[in-house]
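Notes to accompany the following structure.
The values are calculated or read from the model by the stated rules, or taken from the named source; none is laboratory data. All values derive from a computational prediction rather than experimental measurement. Quick reminder, even Gly has a Cβ in these numbers, built from the backbone with ideal geometry, and neighbours come from all protein chains shown. For the accessible areas, the whole protein counts, side chains as well, though only heavy atoms, and no ligand, DNA or RNA atoms are used. Shrake-Rupley method; radii C 1.70, N 1.55, O 1.52, S 1.80 Å.
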Amino acid sequence: MKRVIISGSGVSIPEAVITNEDLVDSFNAWVDRENGDRAARGLEPLQKSSADFIHHASGIRRRHVHTREGILDIDRMTPRIAARDDDALSVLAEFGAAAARAALADASMPADEVDLVICASSHLQRLYPSIGIEIQQEIGARGAAFDLSLGCSSAAAGVHVAFNLVRSGAHRRALVVTPELITAHLNFRDRQTHFIFGDAATALLIEAVEEDDRPAGRFEVLDTRNWTQFSNNIRSNFSYLNRAAQEDVSVIATEGNLIKQQGNRVFKDVTVASHRFIVDFLAEHGRTPDTVRRFWLHQANARMNQMILKLAFGREIGHDTAPMVLEELGNTAAAGAVVALHQNHKDMAPGEYGLLCTYGAGYSIGGALLRMI
Ligand code: COA
């Protein structure tokens, strides 16, 4: 088996921002209008959202979005993203390619040295051709490409696959690209979830190196792991089958088929499962959490990450050990933990360990144990 390193990382974060206050003003204006109508029909009023609740419950203050256009408009509450011709670069491939190019620049690696592209995302724009193949063509990579989806654990699953294909010698150099344009699948009229997600794209370049050619300042990937257990507590029913389930097939229904979750049940189930995953995975390598310098956890909820770490360590853990990017970006699905890694590793000393650990829909948990060279 070959040695495997992460030779570059890159992110693409959209400039447009929506604060909690922006979002709540729009949501509550829509609720006021709906409630006028509901009162006339003798229905229970809808409840309003609150910026204080959002920050307190999740840790999120704002999110970067692909576009603000349409999201805050109470007649639409959906981002406006124009359809493109089939021969134009797709929106998701464009987003992913930006992150892929940033990772290649970070590694000073020409794209034609890459022989595998995995587009690993919780949200894929279409069934085929694979977004990964379009990214492969757009950046000028060689070899093969495919898409992979495992909820918010998609990037970690992509690293799991890339690590094993590269260390076995099946591929020399793999890009794991994670474009998460999740605001387009979010129901901005659902009080439980309207505040959760933001958009971001990430990429990691993973390659095999010789024993005596391991570059300082990069991570060696020591091992990767995935765990899954079926749950309906985070679910999207959006599918080509939606059309087949309707009498009127002229309009595709989205209401009820967008993201939904039982947030408090996910919180409890995943906190228990993730802390066990962390402790067990590290134990397989003869390590305890205290011997790991940094944890780049999935960025879904600040309180949840505190709880996971408290259970794993047996005490409170600060942001220097487990950095958060959630306050500024919201939950960017599978991209979040990779953004945290990209922005928080340059201060690590040779020999220090780090753990990428993501969790989400499925349920799914993914991890990669890294050591700074
Ligand atoms: N504004 C104001 N109040 C709200 C609200 C909103 N937008 N949304 C819910 N509430 C209210 C509820 O009605 C409830 O009120 P009640 O106590 O009077 O019944 C109360 O707040 C608590 O609701 P709950 O759903 O239990 O909130 P929570 O503390 O669990 O926080 C999440 C909600 C979504 C932030 C949290 O559950 C979470 O982050 N879960 C994990 C999600 C996750 O990890 N997903 C996987 C990866 S994508």
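Answer yes if at least one residue in the stretch 317-324 is in a helix (DSSP H, G or I) and touching a residue at least 12 places away in the same chain (Cβ under 8 Å), and no otherwise.
Checking the stretch 317-324: not a single residue is in a helix (DSSP H, G or I) and touching a residue at least 12 places away in the same chain (Cβ under 8 Å).
Select from the stretch 187-204 the residues that are open to solvent by 10 Å² or more (accessible area, probe 1.4 Å) and within 14 Å of the chain's Cα centre (by Cα) and write down the one among them that is farthest from the ligand (Cβ to nearest atom).
PHE197
Here is a check on your reading of the model: is LYS48 of a type in the set (Lys, Arg), within 16 Å of the ligand (Cβ to nearest atom) and more than 25 Å from the chain's Cα centre (by Cα)?
Details: of a type in the set (Lys, Arg): yes; within 16 Å of the ligand (Cβ to nearest atom): yes; more than 25 Å from the chain's Cα centre (by Cα): yes.
Answer is yes for this residue.
Which condition does THR224 not pass, out of (1) open to solvent by 10 Å² or more (accessible area, probe 1.4 Å); (2) part of a strand (DSSP E or B); (3) closer than 26 Å to GLY360 by Cβ, if it passes all the others?
(1)
Restricting attention to the stretch 284-309, which residues are among the hydrophobic types (A, V, I, L, M, F, W, C), in contact with a Phe, Trp or Tyr (Cβ under 6 Å, 6 or more places away or on another chain) and more than 11 Å from the ligand (Cβ to nearest atom)?
Result: VAL292, single match.
Out of everything in the stretch 268-282 that is open to solvent by less than 60 Å² (accessible area, probe 1.4 Å) and free of Cβ contacts under 8 Å to residues at least 40 places away in the same chain, what residue ends up being nearest to LEU370 (Cα to Cα)? If you could, list the steps in order and put the result at the bottom.
Taking the stretch 268-282 and keeping what is open to solvent by less than 60 Å² (accessible area, probe 1.4 Å), we get 270-271, 273-275, 277-279, 281-282.
Subsequent filtering for residues that are free of Cβ contacts under 8 Å to residues at least 40 places away in the same chain retains 275, 279.
Working: HIS275: 18, VAL279: 15 Å.
Of everything passing the filter in the stretch 268-282, VAL279 is nearest to LEU370 (Cα to Cα).
Given the condition away from the ligand (no atom under 11 Å from the Cβ), touching a Gly at 6+ places or on another chain (Cβ under 9 Å) and β-branched (Val, Ile, Thr), answer yes or no: does some residue in the stretch 310-322 qualify?
The answer is no, given that none of the residues of the stretch 310-322 is away from the ligand (no atom under 11 Å from the Cβ), touching a Gly at 6+ places or on another chain (Cβ under 9 Å) and β-branched (Val, Ile, Thr).
Quickly run through the stretch 283-317 and pick out the residues that are open to solvent by less than 70 Å² (accessible area, probe 1.4 Å), under 21 Å from the mean Cα position of the chain (by Cα) and among the polar types (S, T, N, Q).
Answer for the stretch 283-317, where residues must be open to solvent by less than 70 Å² (accessible area, probe 1.4 Å), under 21 Å from the mean Cα position of the chain (by Cα) and among the polar types (S, T, N, Q): GLN299, ASN301, ASN305.
Quick one: would you say LEU326 is in contact with a helix residue (DSSP H, G or I) (Cβ under 7 Å, 6 or more places away or on another chain) and either within 11 Å of the ligand (Cβ to nearest atom) or open to solvent by 20 Å² or more (accessible area, probe 1.4 Å) (or both)?
yes
Residue-by-condition table, conditions (1) more than 16 Å from the ligand (Cβ to nearest atom); (2) under 29 Å from ALA162 (Cα atoms); (3) part of a loop (DSSP other than H, G, I, E, B):
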{"residue": "ASN242", "(1), (2), (3)": "yes, no, no"}
{"residue": "GLU247", "(1), (2), (3)": "yes, no, yes"}
{"residue": "GLU255", "(1), (2), (3)": "yes, no, yes"}
{"residue": "ASP269", "(1), (2), (3)": "no, yes, no"}
{"residue": "VAL272", "(1), (2), (3)": "no, yes, no"}
{"residue": "LEU282", "(1), (2), (3)": "yes, yes, no"}
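If a residue counts only when it is open to solvent by less than 20 Å² (accessible area, probe 1.4 Å), which strands (runs of 3 or more DSSP E) contained entirely in the stretch 82-186 have at least 2 such residues?
On the way: elements: 116-120, 144-148, 173-180.
Fully inside the stretch 82-186 and qualifying: 116-120, 173-180.
Going by the conditions given, is GLN229 of a type outside the set (Ser, Thr, Tyr), surrounded by fewer than 13 Cβ atoms within 10 Å (Cβ to Cβ) and free of Cβ contacts under 8 Å to residues at least 24 places away in the same chain? Before you say what the answer is, go through the steps one by one.
Numbers: of a type outside the set (Ser, Thr, Tyr): yes; surrounded by fewer than 13 Cβ atoms within 10 Å (Cβ to Cβ): yes; free of Cβ contacts under 8 Å to residues at least 24 places away in the same chain: no.
No, not satisfied.
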